[in-house]
Amino acid sequence: MGILGGGQLGRMLIQQAINYNVTVKVLDPDREAPCRKLCDEFTVGSLGDYETVYKFGKKVDLLTIEIEKVNVDALEQLEKEGVLVYPQPRIIRLIQDKGLQKQFFKENNIPTADFRVITSADELKRTNIPYPYIQKLRRDGYDGRGVYKVMDETYLHAAFTEPSIIERLIDFEKEIGVIVARNANGDISAFPLVEMEFNPEVNLVEFLISPSTLAFEIQKEAERIAKKISEDLKIVGLLAVEMFLTKEGEILVNELAPRPHNSGHQSIEGNVVSQFEQHLRAIFNQPLGDTACLSNAVMINLLGEPGHEGPAIYQGIEKILKCPGVYVHLYGKALTKPFRKMGHVTIVDADREKAIETARFVQRTLKVVS
């Protein structure tokens with residue numbers, strides 16, 4: 001198996017692949033990438049360069065991704081030549097472009113916020129979407145980058161000038177997510193809905209709770225939507241579906257990620273099968289695993305502290321390891337910088353409130369400094 005991208009998602013995928021004797025090769029531009037010591041063969045090279053991706057893909061039987069920013073032309077050629085590429089290149093191309101993603105929602109009756117596709121900043125002045133609204137770059141935005149909130153016309157001078165989408169600002173009750181898997185046989189299985197809290201400074205998932213205590217009807221509707229998207233796309237592999245629950249109880253799809261996702265890390269300890277094993281099962285066209293929750297699980301992202309840049313020090317780790325049900329996952333990144341994802345911690349407990357309480361303690365205590 002080849003993985004395009006050598007970050008933490010690839011690292012955790014390799015940790016699971018080892019259990020199945022899968023030989024793993026990784027391509028990443030960073031020679032110090034988290035995957036470098038775990039894979040069987042590590043290649044330093046650009047994920048956006050046609051020849052680099054094509055040559056790497058010719059060395060593997062099956063190719064997958066841990067980041068969408070890859071050369072899709074090379075993937076399409078590899079697919080034509082018989083290399084299994086999952087998720088399929090056409091899906092990666094669709095999800096690389098938020099404009100195409102939104103059009104897909106519209107064409108397939110997927111509920112989403114009102115939006116407009118624009119090509120220049122001048123078009124912002126002529127939109128009929130009322131203030132405030134969100135502007136998102138069509139391409140290359142991630143982890144809060146490429147997102148700009150336009151409160152009124154005084155904000156227009158700082159708006160993006162590149163092709164983008166604008167969408168109505170949703171006054172949501174909660175951000176929720178469902179991860180769904182589909183194999184080549186067409187079998188589909190969804191993980192139970194999770195509730196998310198975001199860091200407002202950098203728009204990153206900071207706190208995640210599973211399973212949800214939202215009304216059963218809401219959970220089933222979110223699962224239905226996620227499964228429908230997976231079926232409409234005919235994806236092979238994992239698909240993370242990020243959604244808003246509005247204050248009126250409506251579910252609106254925000255964005256998709258065709259790979260393991262931050263909103264599924266708690267599944268390593270919290271579910272019968274983890275998202276990483278499920279992705280492997282799906283792309284190897286094996287029976288999908290049982291996604292049931294084993295316990296309440298709360299996941300916290302470990303982000304680099306503001307004002308710290310340099311060799312990473314995990315301050316307070318000995319204090320949190322004294323707590324029962326605490327599982328630490330560090331990503332093998334030698335250097336920290338403000339808000340960089342350095343790891344995550346999952347807390348499991350039969351008592352939901354106790355799990356949340358312990359998670360808050362971990363959040364206050366464990367700091368990534370330099």
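The values are calculated or read from the model by the stated rules, or taken from the named source; none is laboratory data. Remember, it's a predicted structure, so these values are computed and weren't measured experimentally. All Cβ positions, glycine included, derive from the backbone under ideal geometry; neighbour counts span all protein chains shown. To get the accessible areas, we keep the full protein, side chains included, count just its heavy atoms, and leave off ligands, DNA and RNA. Shrake-Rupley method; radii C 1.70, N 1.55, O 1.52, S 1.80 Å.
How big is the antiparallel share of DSSP beta bridges in segment 182-327, given as a percent to the nearest 5?
100 percent
With the highest mean first, a sort of the peptides 181-187, 305-311, 8-14 on other beta-carbon atoms found within 10 angstrom per residue produces 8-14, 181-187, 305-311. Over segment 37-147, what is the relative contact order in whole percent, taking alpha-carbon pairs under 8 Å and six or more residues apart? Once divided by the residue count of segment 37-147, the mean separation gives 18 percent. Note on Val369 and Lys354: their simple-model spin labels are 3.1 nm apart, each label 7 Å out from Cα toward Cβ.
The trypsin sites (Lys or Arg not before Pro) of segment 226-295 that DSSP puts in a loop, and whose beta carbon has at most 15 other beta carbons within 10 Å, are Lys234, Lys247. Think of a 1.4 Å ball rolled over the protein heavy atoms: segment 74-134 then has 49 Å² of accessible area per residue. Projecting label points 7 angstrom from Cα along Cα→Cβ for Leu335 and Glu41 puts them 2.9 nm apart. On a straight-distance basis, which aspartates and glutamates could pair with Lys125 in a cross-link, Cα separation under 13 angstrom, same-chain partners fewer than 8 positions away excluded? Partners within reach: Asp152, Glu153. Here the spin labels are modelled as points 7 Å beyond Cα on the Cα-Cβ line, and at Tyr148 and Asn109 they lie 3.7 nm apart. In the context of the full set of protein chains, residues of segment 279-370 present 47 Å² of accessible surface per residue (probe radius 1.4 Å, heavy atoms only). Between Lys55 and Leu156, what is the FRET efficiency for a Förster distance of 56 Å, r being their Cβ-Cβ separation, to the nearest 0.05? Computed FRET efficiency for Lys55 and Leu156 comes out at 0.80. Amide H contacts for Ile179 (H built 1.01 Å from N in the peptide plane; partners 5 or more residues away or on another chain; cut-off under 5 Å): Phe191, Val241. Note on surface exposure: Cys35, Cys293 rank Cys293, Cys35 by accessible area, highest first, 1.4 Å probe. Measuring nothing but protein heavy atoms, the accessible surface of the chain at 1.4 Å probe radius is 48 percent carbon and sulfur. Let me check against my output: what whole-number percent is the relative contact order of segment 277-359, with C-alpha pairs under 8 Å and at least 6 apart? That works out to 38 percent.
Charge dipole (Cα centre; +1 on Lys/Arg Cβ, -1 on Asp/Glu Cβ; no other charges) of segment 18-136 amounts to roughly 340 debye.
Would you work out if the chain is rounded, prolate or oblate? Take a ≥ b ≥ c from the square roots of the eigenvalues of the alpha-carbon gyration tensor; rounded if a/c is under 1.5, else prolate when a/b is larger than b/c, oblate otherwise.
Rounded.
Of the GluC sites (Glu not before Pro) found in segment 53-156, the ones in coil according to DSSP and having at most 11 other Cβ atoms within 10 Å of their Cβ are Glu81.
Its relative contact order, with pairs defined as Cα atoms under 8 Å and 6+ residues apart, puts the chain at 13 percent.
Legend: calculated FRET efficiency, Lys322 to Ala121, from the Cβ-Cβ distance at R0 = 41 Å, rounded to 0.05, equals 0.15. Taking 0.36 nm per residue of sequence separation and removing the Cα-Cα distance, the Gln315/Arg139 pair yields an extension gain of 59.7 nm.
Considering only beta bridges that DSSP places wholly inside the chain, some 80 percent are antiparallel. Estimated purely from DSSP H runs of n ≥ 4, each contributing -39500 (n - 2.57), the mean residue ellipticity at 222 nm for the chain is -7500 deg cm²/dmol once divided by its residues. Here's the list of lysines a cross-link from Lys333 could span, going by alpha-carbon distance under 20 Å and ignoring same-chain residues fewer than 8 apart: Lys25, Lys37, Lys341, Lys367.
Which GluC sites (Glu not before Pro) does segment 243-285 hold that lie in a coil by DSSP with at most 15 other beta carbons within 10 Å?
Passing both the DSSP loop test and the Cβ count: Glu248, Glu250.
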